[in-house]
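Enquirer: I am attaching a structure below and will ask some questions about it afterwards.
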Protein chains: 4
Amino acid sequence: MRLLFLGDVMGRAGREAVVDRLPSLIETYGFDFVVINGENASHGRGITEAHFELLREAGADVVTLGDHAFDQREIMTAIERHQTLVRPINLVPGAPGRGATLVTGRNGHQVLVINALGRVFMPPMDDPFRAVDKAIADCPLGQQADAIVVDFHAEATSEMQAMGQYLDGRVSLVVGTHTHIPTSDHRILKGGTALMSDAGMCGDYDSVIGMDSEEPLSRFLTGLASARFTPAEGEATLCGVAIETNPRSGLCEKVMPIRIGGTLSQSLPDFR
Amino acid sequence: MRLLFLGDVMGRAGREAVVDRLPSLIETYGFDFVVINGENASHGRGITEAHFELLREAGADVVTLGDHAFDQREIMTAIERHQTLVRPINLVPGAPGRGATLVTGRNGHQVLVINALGRVFMPPMDDPFRAVDKAIADCPLGQQADAIVVDFHAEATSEMQAMGQYLDGRVSLVVGTHTHIPTSDHRILKGGTALMSDAGMCGDYDSVIGMDSEEPLSRFLTGLASARFTPAEGEATLCGVAIETNPRSGLCEKVMPIRIGGTLSQSLPDFR
Amino acid sequence: MRLLFLGDVMGRAGREAVVDRLPSLIETYGFDFVVINGENASHGRGITEAHFELLREAGADVVTLGDHAFDQREIMTAIERHQTLVRPINLVPGAPGRGATLVTGRNGHQVLVINALGRVFMPPMDDPFRAVDKAIADCPLGQQADAIVVDFHAEATSEMQAMGQYLDGRVSLVVGTHTHIPTSDHRILKGGTALMSDAGMCGDYDSVIGMDSEEPLSRFLTGLASARFTPAEGEATLCGVAIETNPRSGLCEKVMPIRIGGTLSQSLPDFR
Amino acid sequence: MRLLFLGDVMGRAGREAVVDRLPSLIETYGFDFVVINGENASHGRGITEAHFELLREAGADVVTLGDHAFDQREIMTAIERHQTLVRPINLVPGAPGRGATLVTGRNGHQVLVINALGRVFMPPMDDPFRAVDKAIADCPLGQQADAIVVDFHAEATSEMQAMGQYLDGRVSLVVGTHTHIPTSDHRILKGGTALMSDAGMCGDYDSVIGMDSEEPLSRFLTGLASARFTPAEGEATLCGVAIETNPRSGLCEKVMPIRIGGTLSQSLPDFR
Ligand SMILES: [Fe+2]
Ligand SMILES: [Fe+2]
Ligand SMILES: [Fe+2]
Ligand SMILES: [Fe+2]
Ligand SMILES: [Fe+2]
Ligand SMILES: [Fe+2]
Ligand SMILES: [Fe+2]
Ligand SMILES: [Fe+2]
């Protein structure tokens, strides 16, 4: 099956890029399943239910989140209604929503999507390694799940690589989000799992990780806040990764970076 | 002029890849100047004088460092003898060595190379923005310097992007090192400066950022150290970035990622 | 001379304790000079000009600040008008206000007050050791200054102790602020400088460091924010330290912790 | 019952102070139970089995640890043999040793001792709040346990205060360790639990938190390591806290700081 993952949708620019481009991408390349990280969809901070639904209508089968999961507080209750909206699995027990979800794609595939938060250079959190391990044990690849996608929302490349090595052979894709910068280390590990340290964002790269440059730069130069951060409004680059999995094993056979539009070098999938 | 930058050389695997491949790379593509980050060249921790000289003989015009600059303590005295070895510019006043160096390349170009450390998620350090600003003011692009390369050794993508925006139009290239994972956000900013968040490492990617996976993974899973980290010994990917600058302005006209050998997708320069 | 230092004034409870108790304290014990840290005076976040003036009228000769210096944005301009309001000395050059001030006390003593920010577990900042060193060199103890007080606003006890050792023999008092918990390590170092790792706050201790316990505790338990922090409103303990200095050398001869009112054990100065 | 807690024993100076003074302290004040934090007992880094036994022979009923628990690697196996040696409870499942222990004191009291690590400004760790909560639920105060002591080894005062508020009414004492600086916020909370943010260390205070000042100060001034840290060897101050509990409820009726010997102000228990 063919699966598309898109990184952190950043404000209006990111949402518009998804709405404009995703439907034709799905059709052109025959994606069976689409996962989008939506943690910055609404003004760069969290996601409203309306924006979640917008991403779903544009073609997302599942929307994942991150450290900004509940910045828009309405989502703390709305998330209970949506099986296809996933927050980090390693929040405290009893947190709203779910950290993993098994969803049937448009062509009948069962895909397990897990969202987890890293802990290096990030706030205290439950152990992501054990949490993901348990979710996979409950729904193994090649059995209940035709594919497993782990969106590991992490800052440190060391933790990211360790998660990839840990899950190698047990999931289809481990993809990082959170840094908003796409990496070019996409590859298939020895056990058959695709790994890419960061998918990048769907946002305007003429910015400081999606925010209009003026205020972040001013803070770095002066140490003082002058104003709020606001998402940059130029044309977004749609960033992510496409994979093709083996129909029986669910492991990965192809992995390709996606960068469409905006100011980054372009990269389209090639499933030949 | 054509300039090549290679990211953190990681242990023996990284050194061998540089020695094996760099001379023919320089010849094939006609690089006028080569900068290599060597902070992990010796067993993954710092660089000995012998390994510095090895990189120089392989073709490096300048070797830069990072947070591991002085892990091999012999280099604290050796660095005073080598104009072509640069440590971070924002160490305390009086630290051994220099943070910027103006070097004449093989074809007569004057290139200013600056190394600086980021401060987000890193130990306390002097302000890198002011330090780099001053070094540039002392040796402006298009005047004393035919090209200026800033190796910004930083963890956080926000600080990296801010440095790029800050220096846009004033240097040829701002390239990140330290995360050991290459990014695919290489681009030329509006003012003519090339920016790439991380060059990646010259090391074995079947690893946790260059270290044999077993110990780092064990530490993430148990929270306890069992052994020392040791560099992974498989074939390295040579990672970096190539640029072509305008002979008069010194600004960037082309920027291309480099990934050669090892387990990452391959990317060669294309100067047509 | 006799000098009183009071730690971070926390919201209304802290302000009221200062207003109620400070005038009689000054009279009873004959303090020649009073310094108060005011970084949390206004709703726990920064200080307004009105609250600065309130502390001054209550008897503060100088008000110091910290990482919350400019949370009340009006103070960024107001600070320029007030020689007796001091923000951290190791902000970037050009930041509003001053980091050190030489003020004449009610009995004619010249007192140099310096405010500095630590860097361990705190945001990037200029080097506090060099900054304080320079301020002292410009106005040495026993020459221009009859006493020198350094309010080192720091998180880590290691950095605090190192600052004390560094300044020993060159200032009258190094006192920490920021953790809001008073320490009992007040002592006179070998060179004659008094050191106390943290003065504590002037605030309600039936709280989480001055904030009403409910929200902070909820955040620790759930990892999620539910509401804003609000200062606790119970009776404050006035926390700080009193010293007596040698009239010629300016070094310290007595150091005594102060804890008055509220729920902490009580400690009054004793100058016999 | 009367209970004594002593903070982090720091190297030889700390061990000697314990050996010299603890036996007579126990006899003079009739302590029924003694807990000592031993995480720095051996050269400042962890504890050997021999030093654990030394502290036991000097009068410790239970020895607790911290982030340095396993710095002396022999203790990873030795800990399994000792019911009276407790490492942090919120390590990963399967870590060597135990995080809580119920021990019978010399006068027949059953005391539950729990050691936990904070997470603010510290490495990733399991949730200490849930871990301690579970240990208490398994052995409630006033039922199986005559007293419950929680050694919360934490950096941030906010997390410390929150733990105290969280456990108020359910344990006898929440005492902090790790910063090596004693606090003077010892008090009995509304529910009857004694709280003290840090017990301080048993070590030489003419130092940087127990280490000879030269190297730590040099690192703060230069940013560079020159040598290893070595424990300061001057006379130690024995730092800790003494409590008296209600025989039926197990809650706290008196709480008094202990500082004996060395360079800090002296404080002895007073059980009248
Ligand atoms: Fe994000
Ligand atoms: Fe994020
Ligand atoms: Fe490196
Ligand atoms: Fe580095
Ligand atoms: Fe404060
Ligand atoms: Fe503060
Ligand atoms: Fe300790
Ligand atoms: Fe510790």
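Enquirer: Residue under question is D:Gly191, and the condition is that it be under 16 Å from D:Lys254 (Cα atoms) and more than 11 Å from chain C (Cβ to nearest Cβ); does it hold? Reasoning before the result, please.
Expert: Numbers: under 16 Å from D:Lys254 (Cα atoms): yes; more than 11 Å from chain C (Cβ to nearest Cβ): yes.
Criteria met by D:Gly191.
Enquirer: Out of curiosity, is C:Ile89 part of a loop (DSSP other than H, G, I, E, B) and either more than 18 Å from the chain's Cα centre (by Cα) or β-branched (Val, Ile, Thr) (or both)?
Expert: Values: part of a loop (DSSP other than H, G, I, E, B): yes; either more than 18 Å from the chain's Cα centre (by Cα) or β-branched (Val, Ile, Thr) (or both): yes.
For C:Ile89, the condition - part of a loop (DSSP other than H, G, I, E, B) and either more than 18 Å from the chain's Cα centre (by Cα) or β-branched (Val, Ile, Thr) (or both) - is met.
Enquirer: Right, something else. Go through the residues of the stretch C:19-36 one by one and say whether even a single one is within 16 Å of ligand 5 (Cβ to nearest atom) and over 12 Å from C:Asn115 (Cβ atoms). Give the derivation first.
Expert: As a first pass, look at the stretch C:19-36 and keep what is within 16 Å of ligand 5 (Cβ to nearest atom): C:35-36.
Within this subset, residues satisfying the condition of being over 12 Å from C:Asn115 (Cβ atoms) are none.
Checking the stretch C:19-36: not a single residue is within 16 Å of ligand 5 (Cβ to nearest atom) and over 12 Å from C:Asn115 (Cβ atoms).
Enquirer: Further, regarding this structure: Consider B:Met125 carefully, then state whether it is of a type in the set (A, V, I, L, M, F, W, C), within 16 Å of the chain's Cα centre (by Cα) and away from ligand 8 (no atom under 16 Å from the Cβ).
Expert: Numbers: of a type in the set (A, V, I, L, M, F, W, C): yes; within 16 Å of the chain's Cα centre (by Cα): no; away from ligand 8 (no atom under 16 Å from the Cβ): yes.
Considered against the rule, which asks whether it is of a type in the set (A, V, I, L, M, F, W, C), within 16 Å of the chain's Cα centre (by Cα) and away from ligand 8 (no atom under 16 Å from the Cβ), B:Met125 comes out as no.
Enquirer: Tell me yes or no: at least one residue of the stretch A:239-257 is open to solvent by 20 Å² or more (accessible area, probe 1.4 Å), of a type in the set (A, V, I, L, M, F, W, C) and within 17 Å of A:Ala41 (Cα to Cα).
Expert: no
Enquirer: Here is a further query. Just the residues that are touching a residue at least 40 places away in the same chain (Cβ under 8 Å), of a type outside the set (A, V, I, L, M, F, W, C) and over 21 Å from D:Val174 (Cα atoms), please, taken from the stretch D:5-28.
Expert: Within the stretch D:5-28, D:Gly11, D:Arg12, D:Gly14, D:Arg15, D:Glu16, D:Arg21 meet the criteria.
Enquirer: So which of A:Phe70, A:Phe33 is of a type in the set (Phe, Trp, Tyr) and closer than 28 Å to C:Arg228 by Cβ?
Expert: Just one listed residue meets the conditions, A:Phe70.
Enquirer: Regarding C:Ile114, is this residue more than 14 Å from chain B (Cβ to nearest Cβ), part of a loop (DSSP other than H, G, I, E, B) and crowded, with 24+ Cβ neighbours inside 10 Å? I'd like the intermediate steps shown before the answer.
Expert: On the way: more than 14 Å from chain B (Cβ to nearest Cβ): yes; part of a loop (DSSP other than H, G, I, E, B): no; crowded, with 24+ Cβ neighbours inside 10 Å: yes.
Answer is no for this residue.
Enquirer: Condition test on A:Leu224, is it crowded, with 19+ Cβ neighbours inside 10 Å, in a loop (DSSP other than H, G, I, E, B) and at the interface with another protein chain (Cβ under 10 Å from one of its Cβ atoms)?
Expert: no
Enquirer: Can you run down the residue pairs with Cβ atoms below 8 Å, 6 or more apart or on separate chains, where the first is in the stretch A:171-186 and more than 9 Å from chain B (Cβ to nearest Cβ) and within 16 Å of ligand 8 (Cβ to nearest atom) and the partner is of a type in the set (Asp, Glu) and part of a strand (DSSP E or B)?
Expert: none
Enquirer: A further question follows. Output the residues belonging to the stretch D:186-212 that are assigned to a loop (DSSP other than H, G, I, E, B), in contact with a Gly (Cβ under 7 Å, 6 or more places away or on another chain) and over 15 Å from D:Asn246 (Cα atoms). Spell out how you get there, then give the answer.
Expert: So in the stretch D:186-212, the residues assigned to a loop (DSSP other than H, G, I, E, B) come out as D:186, D:189-193, D:197-201, D:204-207, D:209-210, D:212.
Those still in the list that are in contact with a Gly (Cβ under 7 Å, 6 or more places away or on another chain) too: D:189, D:191-193, D:197-201, D:204-206, D:210.
Of everything in the stretch D:186-212, those that are assigned to a loop (DSSP other than H, G, I, E, B), in contact with a Gly (Cβ under 7 Å, 6 or more places away or on another chain) and over 15 Å from D:Asn246 (Cα atoms) turn out to be D:Ser197, D:Asp198, D:Ala199, D:Gly200, D:Met201, D:Asp204, D:Tyr205, D:Asp206, D:Gly210.
Enquirer: Another one. Give the residue that is nearest to the chain's Cα centre (by Cα), with candidates limited to residues of the stretch A:25-74 that are at positive phi and either away from ligand 2 (no atom under 12 Å from the Cβ) or open to solvent by 20 Å² or more (accessible area, probe 1.4 Å) (or both).
Expert: If we take residues in the stretch A:25-74 being at positive phi and either away from ligand 2 (no atom under 12 Å from the Cβ) or open to solvent by 20 Å² or more (accessible area, probe 1.4 Å) (or both), then A:Gly59 is nearest to the chain's Cα centre (by Cα).
Enquirer: Continuing with this model, one more query. Evaluate the stretch D:43-60: report whether one residue or more is within 14 Å of another protein chain (Cβ to nearest Cβ), of a type outside the set (Lys, Arg), more than 16 Å from ligand 4 (Cβ to nearest atom) and assigned to a loop (DSSP other than H, G, I, E, B).
Expert: Filtering the stretch D:43-60 for residues within 14 Å of another protein chain (Cβ to nearest Cβ) gives D:44-46.
Going one step further and asking which of them are of a type outside the set (Lys, Arg), we end up with D:44, D:46.
Checking which are more than 16 Å from ligand 4 (Cβ to nearest atom) leaves us with D:44, D:46.
Next, from what is left, pick out any that are assigned to a loop (DSSP other than H, G, I, E, B): D:44, D:46.
Yes.
Enquirer: Another question, then. Being open to solvent by less than 10 Å² (accessible area, probe 1.4 Å), within 16 Å of ligand 7 (Cβ to nearest atom) and either facing another protein chain (nearest Cβ under 8 Å) or among the aromatic types (Phe, Trp, Tyr) (or both): is that true of D:Ile209 here?
Expert: Details: open to solvent by less than 10 Å² (accessible area, probe 1.4 Å): no; within 16 Å of ligand 7 (Cβ to nearest atom): yes; either facing another protein chain (nearest Cβ under 8 Å) or among the aromatic types (Phe, Trp, Tyr) (or both): yes.
Answer is no for this residue.
Enquirer: If I ask for residues that are more than 20 Å from D:Glu155 (Cβ to Cβ) and buried (at least 24 other Cβ atoms within 10 Å of the Cβ), which ones from the stretch C:164-174 would you list? Explain how you work it out, then say what you get.
Expert: Keep residues of the stretch C:164-174 that are more than 20 Å from D:Glu155 (Cβ to Cβ), which gives C:165-174.
Of everything in the stretch C:164-174, those that are more than 20 Å from D:Glu155 (Cβ to Cβ) and buried (at least 24 other Cβ atoms within 10 Å of the Cβ) turn out to be C:Leu167, C:Val171, C:Ser172, C:Leu173, C:Val174.
Enquirer: Next question. What's the number of the condition C:Glu215 fails, among (1) outside any loop (DSSP other than H, G, I, E, B); (2) more than 9 Å from chain D (Cβ to nearest Cβ); (3) closer than 28 Å to C:Glu27 by Cβ?
Expert: Of (1) outside any loop (DSSP other than H, G, I, E, B); (2) more than 9 Å from chain D (Cβ to nearest Cβ); (3) closer than 28 Å to C:Glu27 by Cβ, only one is false for C:Glu215: (3).
Enquirer: Hey, any hits in the stretch C:176-189 for a residue that's away from ligand 2 (no atom under 16 Å from the Cβ), over 19 Å from the mean Cα position of the chain (by Cα) and over 17 Å from D:Val208 (Cβ atoms)?
Expert: No, because not a single residue in the stretch C:176-189 is away from ligand 2 (no atom under 16 Å from the Cβ), over 19 Å from the mean Cα position of the chain (by Cα) and over 17 Å from D:Val208 (Cβ atoms).
Enquirer: Take C:Asp212 and tell me if it is acidic (Asp, Glu) and within 16 Å of ligand 6 (Cβ to nearest atom).
Expert: Numbers: acidic (Asp, Glu): yes; within 16 Å of ligand 6 (Cβ to nearest atom): no.
Taking the combined requirement at face value, the residue does not satisfy it.
Enquirer: Scan D:Asp138, D:Asp168 and give me the residue that is under 19 Å from the mean Cα position of the chain (by Cα), charged (D, E, K, R) and more than 9 Å from every other protein chain (Cβ to nearest Cβ). Don't jump to the end; show me each part of the working.
Expert: Details: D:Asp138 fails: under 19 Å from the mean Cα position of the chain (by Cα).
That would be D:Asp168, the only listed residue that is under 19 Å from the mean Cα position of the chain (by Cα), charged (D, E, K, R) and more than 9 Å from every other protein chain (Cβ to nearest Cβ).
Enquirer: Now, a different point. For the subset of the stretch B:258-272 comprising residues that are touching a helix residue (DSSP H, G or I) at 6+ places or on another chain (Cβ under 7 Å) and assigned to a loop (DSSP other than H, G, I, E, B), which member is surrounded by the most Cβ atoms within 10 Å (Cβ to Cβ)?
Expert: Residues of the stretch B:258-272 that are touching a helix residue (DSSP H, G or I) at 6+ places or on another chain (Cβ under 7 Å), as a first pass: B:260-261, B:269, B:271.
Remaining after also requiring assigned to a loop (DSSP other than H, G, I, E, B): B:261, B:269, B:271.
Numbers: B:Gly261: 17, B:Pro269: 23, B:Phe271: 13.
The extreme case among them is B:Pro269.
Enquirer: OK, next. Which residues, counting only those in the stretch B:141-155, are crowded, with 22+ Cβ neighbours inside 10 Å and in a loop (DSSP other than H, G, I, E, B)?
Expert: B:Asp146, B:Ala154, B:Glu155
Enquirer: Given (1) within 22 Å of A:Leu102 (Cα to Cα); (2) touching a helix residue (DSSP H, G or I) at 6+ places or on another chain (Cβ under 9 Å), where does A:Gly250 come up short, assuming only one miss?
Expert: Of the numbered conditions (1) within 22 Å of A:Leu102 (Cα to Cα); (2) touching a helix residue (DSSP H, G or I) at 6+ places or on another chain (Cβ under 9 Å), the odd one out for A:Gly250 is (2).
The values are calculated or read from the model by the stated rules, or taken from the named source; none is laboratory data. Only a predicted model underlies this, so the values are computations on that prediction, with no experimental measurement involved. Because the Cβ atoms are built from the backbone with ideal geometry, glycine has one as well, and the counts that use them run over all protein chains shown. Areas reflect the complete protein model, heavy atoms only, side chains present, ligands, DNA and RNA absent. Shrake-Rupley method; radii C 1.70, N 1.55, O 1.52, S 1.80 Å.
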